[in-house]
Amino acid sequence: MTMAENESAEALLQRMQQAYQQLNFELTLVESGQGQLEPKRLTRGHIDGQVFTHLTHLNGRPREFVQRDDETSFFDASHGGYTLKDATLPGLFHRLQLMPLAPVLTHYDAVVAGRSRVLGRVAQVVRLAPRAEGYYGYILWLDQETGLLLKLDTLDQDAGVVEQSLGVALRISEEPSALIRELKTAALPPAMSVAEVYPAPQQVLPWQTGWLPEGFELRSEDKHKLPVTERLVDYLMLSNGLVDVSVYVAEAGANTEPHQQLVRQGATHLVSLVNPARVEITVVGAIPADTARRIAESIEPRNTP
């Protein structure tokens, strides 16, 4: 699987996805944002037509993810493990390699930006430039020999890097690794559907968005219990196919004054505000701060005929 130097950006992205889906490999990554470094190890392999993926955090409290075909198990030292059907590994690095390319090419201009080197290997560079305001841009470094994604930068509107996933070690093998072979017979928590985890049915909530970035739309709405407090809130999920944004809406306490708070972790922003109508709105997603703020400020009661 060798890349030709004159391939189009779309062809390079297709090769990237083919490599991710077909190769047996182990890639150690360092994710960085705001000066914080998070090393991870991603392992993929194939046995008897079945695909296995293992992702583990190498620092801090133990966290790992196991994917067998369309079932993903989540393990964290702070709570018990669980398995979800039709779930994916967290993060843009994984979503880019598995999702259909059509939504990506609809919202971003894909441009070949030359060649560079990552891990001592020649890499083709592809830039994803957003076609509308309110989006991050991305730069991908794709291994010229295999097509594998080796580095991913998330860029703000000034081309500053807000988050980076950088490969620091890569091993490709003809046969799946010992870890992958162990996963084939590993006892994992029973798989549940999302409907079983969040039993509240889809429902029309009394809120609507007055503004969304071009290409984003409402994909889901129901009621969620917040972690820790277990407070029941209205929940809206917005997406452009590549990036998901969560919106939580609830009535604020009687003594709560209007205020606004912004928290950033890497490319992800959390905007929380209480508006003059004493409605508490929280927006979380890998989007620029101004975009998250405009979404939060645009939430309003739904117009009823």
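Is there a residue being acidic (Asp, Glu), over 19 Å from Asn24 (Cα atoms), at pLDDT 95 or above and surrounded by fewer than 17 Cβ atoms within 10 Å (Cβ to Cβ) anywhere in segment 107-117?
Within segment 107-117, one or more residues are acidic (Asp, Glu), over 19 Å from Asn24 (Cα atoms), at pLDDT 95 or above and surrounded by fewer than 17 Cβ atoms within 10 Å (Cβ to Cβ).
Considering only residues that are hydroxyl-bearing (Ser, Thr, Tyr) and farther than 26 Å from Ile295 by Cβ, which ones fall in segment 124-159?
Matches in segment 124-159: Thr146 only.
From the list Thr291, Thr256, exactly one residue is without any contact (Cβ under 8 Å) to a residue 40 or more places away in the chain and either over 22 Å from Phe216 (Cα atoms) or surrounded by 13 or more Cβ atoms within 10 Å (Cβ to Cβ) (or both). Which is it?
Thr256 is the lone residue from the list that is without any contact (Cβ under 8 Å) to a residue 40 or more places away in the chain and either over 22 Å from Phe216 (Cα atoms) or surrounded by 13 or more Cβ atoms within 10 Å (Cβ to Cβ) (or both).
Is it true that some residue in segment 160-182 is assigned by TED's automatic domain parsing to the domain that holds Asn24, surrounded by fewer than 14 Cβ atoms within 10 Å (Cβ to Cβ), farther than 18 Å from Asn24 by Cα and free of Cβ contacts under 8 Å to residues at least 60 places away in the same chain?
yes
Considering only residues of segment 193-210 that are surrounded by 15 or more Cβ atoms within 10 Å (Cβ to Cβ) and of a type outside the set (Phe, Trp, Tyr), which is modelled with the highest pLDDT?
Taking the candidates together, the pick is Thr209.
Table: residues versus (1) closer than 30 Å to Thr154 by Cα; (2) of a type in the set (Val, Ile, Thr); (3) surrounded by fewer than 16 Cβ atoms within 10 Å (Cβ to Cβ); (4) modelled with pLDDT of 90 or more.
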{"site": "Leu212", "(1), (2), (3), (4)": "yes, no, no, yes"}
{"site": "Ala252", "(1), (2), (3), (4)": "no, no, no, no"}
{"site": "Leu262", "(1), (2), (3), (4)": "yes, no, yes, yes"}
{"site": "Val271", "(1), (2), (3), (4)": "yes, yes, no, yes"}
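With respect to Val51, is the statement that it is assigned by TED's automatic domain parsing to the domain that holds Ala178, assigned to a strand (DSSP E or B) and more than 18 Å from the chain's Cα centre (by Cα) true?
Yes; evaluated as a whole, the condition is true for this residue.
For segment 74-95, which residues satisfy the criterion of being more than 22 Å from Gln21 (Cβ to Cβ), out of contact with any Gly (no Cβ under 8 Å at 6 or more places or on another chain) and not small (Gly, Ala, Ser)?
Passing the criteria: Asp76, His79, Tyr82.
Determine whether Leu42 is under 29 Å from Leu155 (Cβ atoms), in contact with a strand residue (DSSP E or B) (Cβ under 8 Å, 6 or more places away or on another chain) and surrounded by fewer than 16 Cβ atoms within 10 Å (Cβ to Cβ).
no
Have a look at Gly120, Gly80 and point out the one that is surrounded by fewer than 17 Cβ atoms within 10 Å (Cβ to Cβ), over 18 Å from the mean Cα position of the chain (by Cα) and under 25 Å from Glu163 (Cα atoms).
Sole residue among the options that is surrounded by fewer than 17 Cβ atoms within 10 Å (Cβ to Cβ), over 18 Å from the mean Cα position of the chain (by Cα) and under 25 Å from Glu163 (Cα atoms): Gly120.
The values are calculated or read from the model by the stated rules, or taken from the named source; none is laboratory data. Note that this is a predicted model, so its numbers are computed, not measured. Positions of Cβ are backbone-derived with ideal geometry, glycine not excepted, and every protein chain shown enters the neighbour counts.
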